[in-house]
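Shown next, in structure tokens, is the structure this report addresses.
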Amino acid sequence: MDQRLHTALFEEAISKVEQWISESIPTATRLKPPELQSVSPVFRAGWKFPQLRNLPACSLLFEGTFPFSLPRVQITDRELRERCPHVEHSGVLCLFEPDQFFSASSPLHLVKAVMTSASRLIRKYQSGDIESEFDQEWPIYWTRDVKPLQRAYSLVDLKKGSRKILYTSIEGGDRYFYDDDEQLRYRIPLNSRGVAPSRFETNAAFIELKDFPKPWDFPDSGQQLERFIKKYASSTELDILDNLISERQKRLSLLFKTNGPVVHLLAGAVLRPPEQLKFEKNGRITLAGFRSGSISDDVFRFSILSGRAPLKRIQVDRLDHAWIHGRSLDPTQGVLMGKHVILIGVGSLGSGVAELLGRAGVGTLTLIDGETLESANISRHSLGARAIGQNKADRLAKVIQENLPHLTVKGIPKNFEDLQTTELDSLRQADLIICCIAEWASELALDRFQALHAAGEFPPVLYGWLEAHALAGHGVLVPTGSARFKDMLNHSGQRRFHTFDWPDGSNGVRIVCGAIHAPYGSVDLSQTQALIGRIALDTILREEDATCWRSWVGDIERARQLGGELTQEWIELHGDTPVGQYYCETPWPRPEVGGHA
């Protein structure tokens, strides 16, 4: 919207509000710009109200985007700020869900709706029936009044109970709670010489709370911390704290968790010793006012859990598997994180499938491809210009691993035919093999290798390929011990079935001898990548365990413009659909007489 028009609409709406306030609440006073700025620079108008019949003393604030944004109510009463939920740091009330709709056509309606909602919240607080509304939001209040705000990330396994964990603070970087160094593999950035920055690492405590803590019980010192754990945890957690204190560290780091009805809620704290404690280079710890020499464990504990030991509450963001893939609401993640998928061929089609499966939560990916990335492919490959000349499998594995470091991703820079015996043996340990090479020699080699195994001795194989212009794509699942992929090929290694016929009968344009360019882009690819990804997930989640052939059919009119037509075989199977752009499933073909053995 044009800024001048936006300003005019704001001033018109505020004028109506001002007239209504002057008539309805004559004791209200308009706030001056410095008063608005002290709350937040986004507010451009506001009024201060004395105590009203249904509201305590408060201010009504308007952002510059009003009436396309709701007014805000700020309360000034100290007790309300501390004891009432849905109050932000500045005392501004959070009254509506983000997706709640209000019409901008009636500014006074917005004002009245906000004031009514604020009055309802205050009445609920005064009735004493509101404390439970802190429960699902307690981590927000944990750091509401903490300045400057510090943030840490959690990689720990939240299914395990209270225990000793690890905490690290990377110089100039992030802070992490974690279970072991393996979880930090790709979290610590290396400099140009491959050297990791220095970091401070200590043991930490993971404390599972039995109840949702209330803001007035949040600790600010070692003494309050002990009281907090006694109230909200058990003797087990106190023992963990005591064991951590007995290590006589320069700081104590703690990660707290509550089990909500939907998700786990986390918050952290760092407890530092009082200034009177001195950590000397020779390892001794002395206390001002005591005789020289290292103090006893009892004195150290007393000092750490005193009112003089400052505690800093910190925000904790989750980076564990369940949270990243579905915010702990996807029940399939417990299965997917334990699955291993091997992708043979990570070119334009396979690279996108690999990324989709990584983001879907498949715990282990092995990428196999002997080719390097060429400049002509970067517009439709998951890798970009920086990877030109590098092996596709190696480089893509590193990119996925860096983006999703909680997964295990490995690249093997070889063609399938060049795999060693031990590498071939590793195929048997996977839950699914996906082949996106679309070269008959490699496909038949994989088909024959699979056929050497009985059902249960080798994973199912999913073959994926594109037709010309990516206007059709196919995914064929072959469980071990059932049909053979060779049933899809004729005696010369060509696909027996096509969606479209093309004038030259080819799947691309011959550029030079031995090189064919298939003209399509990344948008054209995406439907087939999604198709193959969906079959893969269905298979490893055991929703699909029989042979299947699924296809994507693109825009038929576009195919005709490029000279293509639906094949007679396809029309007999699926009809002469004039529009296209649909997914379908095709019956498994009968083996061709005289086909490949």
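The values are calculated or read from the model by the stated rules, or taken from the named source; none is laboratory data. The structure displayed is predicted, hence computed values, not measured ones. So basically every Cβ, Gly included, is an ideal-geometry build from the backbone, and we count neighbours across all protein chains shown. These area figures cover heavy atoms from the full protein model, side chains too; ligands, DNA and RNA do not enter into them. Shrake-Rupley method; radii C 1.70, N 1.55, O 1.52, S 1.80 Å.
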Being part of a strand (DSSP E or B), among the hydroxyl-bearing types (S, T, Y) and open to solvent by less than 60 Å² (accessible area, probe 1.4 Å), is that true of even one residue in the stretch 321-333?
-> no
Can you tell me which of D317, D298 is exposed (fewer than 15 other Cβ atoms within 10 Å of the Cβ), touching a residue at least 60 places away in the same chain (Cβ under 8 Å) and not aromatic (F, W, Y)?
-> D317
Screening L9, L31, L52, L5 for residues that are under 19 Å from M115 (Cα atoms) and at pLDDT below 95 leaves only L52
Residue in the stretch 332-351 that is over 23 Å from the mean Cα position of the chain (by Cα), hydroxyl-bearing (S, T, Y) and more than 30 Å from E275 (Cα to Cα) present = yes
Given the conditions (1) aliphatic (A, V, I, L, M); (2) assigned to a helix (DSSP H, G or I); (3) open to solvent by less than 30 Å² (accessible area, probe 1.4 Å), which single one is not true for L424?
-> (3)
Checked H491, H498 against criteria (touching a residue at least 24 places away in the same chain (Cβ under 8 Å), in a loop (DSSP other than H, G, I, E, B), in contact with an Asp or Glu (Cβ under 8 Å, 6 or more places away or on another chain) and surrounded by fewer than 16 Cβ atoms within 10 Å (Cβ to Cβ)); the one match is H491
Of L311, L349, the only residue that is open to solvent by less than 30 Å² (accessible area, probe 1.4 Å) and farther than 23 Å from L427 by Cα is L311
If you check I165 against the conditions, is it β-branched (V, I, T) and buried (at least 19 other Cβ atoms within 10 Å of the Cβ)?
-> yes
Collect the residues in the stretch 438-486 that are over 35 Å from the mean Cα position of the chain (by Cα), hydrophobic (A, V, I, L, M, F, W, C) and not in a helix (DSSP H, G or I), keeping them in residue-number order.
-> L452, A454, A455, A483
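Each row is one residue, and each column tells you yes or no for (1) part of a loop (DSSP other than H, G, I, E, B); (2) of a type in the set (D, E); (3) in contact (Cβ under 8 Å) with a residue 12 or more places away in the chain; (4) open to solvent by less than 60 Å² (accessible area, probe 1.4 Å).
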residue	(1), (2), (3), (4)
L9	no, no, yes, yes
K16	no, no, yes, no
Q19	no, no, no, no
E23	no, yes, no, no
T27	yes, no, yes, no
Q37	no, no, no, no
P56	yes, no, yes, yes
L61	no, no, yes, yes
F66	yes, no, yes, yes
Just to be sure, is K410 in a helix (DSSP H, G or I) and within 24 Å of G338 (Cβ to Cβ)?
-> no
Residues of the stretch 270-286 being under 22 Å from Q150 (Cβ atoms) and either in contact with a Phe, Trp or Tyr (Cβ under 7 Å, 6 or more places away or on another chain) or surrounded by fewer than 14 Cβ atoms within 10 Å (Cβ to Cβ) (or both), which ones?
-> E275, F279
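Listed here are the residues, each with its yes/no results for (1) modelled with pLDDT under 95; (2) polar (S, T, N, Q); (3) within 30 Å of E417 (Cα to Cα).
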| site | (1), (2), (3) |
| --- | --- |
| K312 | no, no, no |
| H321 | yes, no, no |
| I324 | yes, no, no |
| V341 | no, no, yes |
| G352 | no, no, yes |
Within the stretch 77-104, considering residues that are in contact with a Pro (Cβ under 8 Å, 6 or more places away or on another chain) and outside any helix (DSSP H, G or I), the one most open to solvent (accessible area, probe 1.4 Å) | D77
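Conditions (1) open to solvent by less than 40 Å² (accessible area, probe 1.4 Å); (2) out of contact with any strand residue (DSSP E or B) (no Cβ under 8 Å at 6 or more places or on another chain); (3) closer than 20 Å to T539 by Cβ; (4) outside any strand (DSSP E or B), marked per residue:
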residue: V335; (1), (2), (3), (4): no, yes, yes, yes
residue: V353; (1), (2), (3), (4): yes, no, yes, yes
residue: L356; (1), (2), (3), (4): no, yes, yes, yes
residue: G370; (1), (2), (3), (4): yes, no, no, yes
residue: H381; (1), (2), (3), (4): yes, no, no, yes
residue: R395; (1), (2), (3), (4): no, no, no, yes
residue: E402; (1), (2), (3), (4): no, yes, no, yes
Report, ordered by the first and then the second residue, all pairs with beta carbons closer than 8 Å, sequence separation of six or more or different chains, a first member in the stretch 519-548 that is under 18 Å from A468 (Cβ atoms) and open to solvent by 40 Å² or more (accessible area, probe 1.4 Å), and a second member that is at pLDDT below 90 and aliphatic (A, V, I, L, M).
-> P519/V509
